[in-house]
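K.L.:
This is the structure I have questions about; it appears just below.
Just so it is clear, none of the values below were taken in a lab; they were calculated from the coordinates. Keep in mind that this is a model prediction, so the values were computed, not measured. Note: ideal-geometry Cβ built from the backbone for every residue, glycine included; neighbour counts use all protein chains shown.
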Amino acid sequence: MVDLIHVHGSHNHFYILDQTELNTPLVHDELVALAQKFCQKNAFWPGADGILVVDEPTHSGPVGKMTVVNADGSIASMCGNGLRTVTRYLSEKTGQKEFTVETAEADLRVAQAADFAKGVPAFSVEISPVLFNKEAFPFDNLGFDNIVNEKLPAINDHLSFTAIAVPNPHLISFVDSDQDLKETLGEIGQRLNGKNQYFPDGVNVNFAKILGPNKLFVRTFERGVGFTNACGTGMSATSFAFALIHPEMIDLSQSISVFNPGGMVKTNVHPNAEHPWIELIGNATFLDKVSLDESDLHQAKLEESNFTITKTNEETAYQAFVESL
């Protein structure tokens, strides 16, 4: 029997699969099939936004390597909410409190942080690199080589946008109305993640409301997933855009509180460093452990009778934290 750990960061849900514990690691096509099957919700299975695959690092230094497989089977460059949960998993496995994790684009610094509340463990992760060039997305046919607070009539008739890759590609707009946060975001998100001439590989779309100094609400339409309760790289990229476009609303010596449909995280933006980056701090909640045969993983076999679940009580503490916000 092997275990999948059902986790969430700001109710961005995942299953952690530690391939170092398997007799035979899953190959790429098997991981794609696993995500497409195990991330779908049904009567006996809660589903998730993706699979977080832990492997041995490919070089010295990092404690482990994380690969993110979205619910549709596509591979994401990074996942901030997911990285926090993988950080907790590796921290508890190794006993280390501060280390690096290999991701597709970079080795990222991670660490245990102060609990957000009683029973709500929190972890800090580096979000980088920060890129603006159109090749990093890619985008085209918009008339710009980089987009910072620009009107894009081809996409929308009244909003301004900023494009930041961290390295996941994000399109960001600061909005005032709930209609934009819902209908407009959904329409743009669906259009730019279907066949289109502007973002041919798709893009994560983030709409934000400024709630006050150092305070945001962010909602994300995530590439490969759709609307999510939260997107860690999206909240990080939006925080960076906040610092660029509305510097009068930010004290960079203090954390930004970023609220989302699944809770709240904190970010620290470092825009003036030689290596610009964002620190993302938030919960890493373990919901339950799913035990099943390794052969079922290879076959992406999911039936009501082929697994057992051992639950934790951590969600009760997390919900109490959310209600206190």
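K.L.:
What does the convex hull of the Cα atoms of the chain come to per residue, in Å³, rounded to a whole number? Each step should come with its number before you reach the end.
P.N.:
Working: hull volume 44.9 nm³, N = 325.
For the chain, the hull spanned by Cα atoms encloses 138 Å³ per residue.
K.L.:
Counting residues in region 134-281 as N, plug N into 2.2 N^0.38 Å and put the Cα Rg over that result.
P.N.:
Working: Rg = 14.1 Å, N = 148, 2.2 N^0.38 = 14.7 Å.
Taking N as the residue count of region 134-281, the ratio is 0.96.
K.L.:
Any idea which of Thr94, Ala43, Leu142 is furthest toward the positive side of the dipole for region 11-148, if Lys and Arg beta-carbons carry +1 and Asp and Glu beta-carbons -1?
P.N.:
Highest projection toward the positive end goes to Ala43.
K.L.:
Of the trypsin sites (Lys or Arg not before Pro) in region 61-113, which ones lie in a loop per DSSP and count no more than 16 other C-beta atoms within 10 Å? Write out the running numbers ahead of the final one.
P.N.:
Working: sites: Lys65, Arg84, Arg88, Lys93, Lys97, Arg109; in loops: Lys97.
Those satisfying the criteria are Lys97.
K.L.:
Using a basic spin-label model with each label point 7 Å from the Cα along Cα→Cβ, how many nm lie between Leu325 and Asn149?
P.N.:
Taking the simple label geometry, Leu325 and Asn149 are separated by 2.7 nm.
K.L.:
Another question, then. Quick one: compute the contact order of region 1-79, relative version, from alpha carbon pairs under 8 angstrom and 6+ residues apart, as a percent.
P.N.:
Values: 130 pairs, mean separation 20.6, N = 79.
With pairs under 8 Å counted, the relative contact order is 26 percent.
K.L.:
Give, in nm to one decimal, the length gained when the segment between Lys97 and Glu21 is fully stretched (0.36 nm per residue of separation minus the Cα-Cα distance). Could the numbers behind the result be given before it?
P.N.:
On the way: separation 76, 0.36 × 76 = 27.36 nm, distance 2.13 nm.
My answer for the length gained is 25.2 nm.
K.L.:
Counting alpha carbon pairs within less than 8 Å and at least 6 residues apart, what relative contact order, in whole percent, applies to region 134-281? Don't skip to the end; give the middle numbers.
P.N.:
Numbers: 285 pairs, mean separation 25.3, N = 148.
Worked out over region 134-281, it gives 17 percent.
K.L.:
For the chain, give the magnitude of the charge dipole about the Cα centre (Cβ charges: +1 Lys/Arg, -1 Asp/Glu; no others), in debye to the nearest 20. Could you put the intermediate results ahead of the total?
P.N.:
Working: 22 positive and 41 negative charges, 114 e Å.
The dipole of the chain has a size of about 540 debye.
K.L.:
Who wins for biggest fluctuation among Ala230, Ala208, Ala273 in a Gaussian network model of the chain, springs between alpha carbons below 10 Å?
P.N.:
Fluctuation is largest for Ala273.
K.L.:
Here's a follow-up. Karplus couplings for region 151-158 from phi (6.51 cos²θ - 1.76 cosθ + 1.60, θ = phi - 60°), rounded to Hz, Gly and Pro as x?
P.N.:
Per residue, the Karplus-derived 3J(HN,Hα) values read 6, 10, x, 5, 9, 7, 8, 9 Hz.
K.L.:
Continuing with the same structure: Indicate, rounded to the nearest 5 percent, the antiparallel portion of the DSSP beta bridges found entirely in the chain.
P.N.:
Values: 70 of 85 bridges.
Within the chain, antiparallel bridges account for around 80 percent of the total.
K.L.:
In debye, nearest 20, what is the charge dipole magnitude of region 134-281 about its Cα centre with +1 on Lys and Arg Cβ and -1 on Asp and Glu Cβ, if you could check? Walk me through the numbers before you get to the answer.
P.N.:
Values: 10 positive and 16 negative charges, 65 e Å.
Rounded to the nearest 20 debye, it is 320 debye.
K.L.:
Here's something else I'd like to know. Express the relative contact order of the chain as a whole percentage, based on alpha carbon pairs under 8 Å and six or more residues apart in sequence.
P.N.:
On the way: 757 pairs, mean separation 65.9, N = 325.
The normalised contact order for the chain reaches 20 percent.
K.L.:
Follow-up question, since we're still on this one. Assuming 0.36 nm per residue, please report the length gained on full extension of the stretch Glu294 to Ala43 beyond their Cα-Cα distance.
P.N.:
Values: separation 251, 0.36 × 251 = 90.36 nm, distance 2.29 nm.
That pair, Glu294 and Ala43, stretches by 88.1 nm at full extension.
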